Amino acid sequence: MMVVLYVQLMANAFISLKRLPYNDLAWHVEISASNGYFSGVQDFYTYPENLDVLGADFYKFPQSIQDEVRFELGDRTGKWAHFVLVRAFIFDLVGHAAIEFAVGNNATSPNHAQTSFFIRTEVAAINNLGQQLRAWVVAHDALLIWSPPAV
């Protein structure tokens, strides 16, 4: 009798942002993320001020136990070319935090793609993401890669 063990290695969780070439006041941005088991990537257009506000909101998160920070573009119904959601929230009364990541390209089959998952993390790590995001908006030529500590 042969016994086969299946071991799944968990990669590190991360969120990454990269500015793509685009000659306009709006930025063409690619966001990618993973919780170690699931991952996704989506490009979108936004103004740098929107990302700076998001960074500031992450940095001062949470203001209360019910507080959430939400960055959302497009929608899931296909009225837009894409859907992007990055949401930080507290998920229990002890103050444990998570980031929801959901993206989709709203394409038709067989080109349609979407993903949705959560990254469990600490509030201090979300604050650090805010600090890194605000710095990236100023010096946007480099790739931003945020990796929370394992929880």
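The values are calculated or read from the model by the stated rules, or taken from the named source; none is laboratory data. As the structure is a computational prediction, the values presented were derived from the model and not from experiment. Methodologically, a virtual Cβ is constructed for each residue, glycine included, from the backbone with ideal geometry; neighbour enumeration extends over all protein chains shown. Calculation scope for accessible area: heavy atoms of the full protein, side chains included, ligands and nucleic acids excluded. Shrake-Rupley method; radii C 1.70, N 1.55, O 1.52, S 1.80 Å.
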- Note on the structure: In the set VAL103, VAL123, the lone residue that is closer than 22 Å to ARG19 by Cβ, touching a strand residue (DSSP E or B) at 6+ places or on another chain (Cβ under 9 Å), at pLDDT 90 or above and open to solvent by less than 50 Å² (accessible area, probe 1.4 Å) is VAL103
- Item | Evaluation of ALA150 against (1) on the phi > 0 side of the Ramachandran plot; (2) open to solvent by 60 Å² or more (accessible area, probe 1.4 Å) (one fails), failing number | (1)
- Item | Residue check for ARG70: modelled with pLDDT of 95 or more, basic (Lys, Arg) and touching a Lys or Arg at 6+ places or on another chain (Cβ under 7 Å) | yes
- Note on the structure: Scanning the range 18-65 residue by residue, those in contact with a Phe, Trp or Tyr (Cβ under 8 Å, 6 or more places away or on another chain) and among the β-branched types (Val, Ile, Thr) turn out to be VAL29, ILE31, THR46
- Confirm whether PHE58 is assigned to a strand (DSSP E or B), touching a helix residue (DSSP H, G or I) at 6+ places or on another chain (Cβ under 8 Å), at pLDDT 95 or above and surrounded by 16 or more Cβ atoms within 10 Å (Cβ to Cβ). no
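Filter the range 37-54 down to residues that are in a helix (DSSP H, G or I) and aliphatic (A, V, I, L, M) and give me whichever is farthest from GLY104 (Cα to Cα). Explain how you work it out, then say what you get.
Taking the range 37-54 as the starting set, the residues that turn out to be in a helix (DSSP H, G or I) are 48-54.
From the residues that got through so far, the ones that are aliphatic (A, V, I, L, M) too are 51, 53-54.
On the way: LEU51: 19, VAL53: 23, LEU54: 20 Å.
Top of the filtered list is VAL53.
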- Query: When residues of the range 28-46 are filtered for being in contact with a strand residue (DSSP E or B) (Cβ under 7 Å, 6 or more places away or on another chain) and either open to solvent by 40 Å² or more (accessible area, probe 1.4 Å) or over 17 Å from LEU143 (Cα atoms) (or both), how many remain?
  - Reply: 7
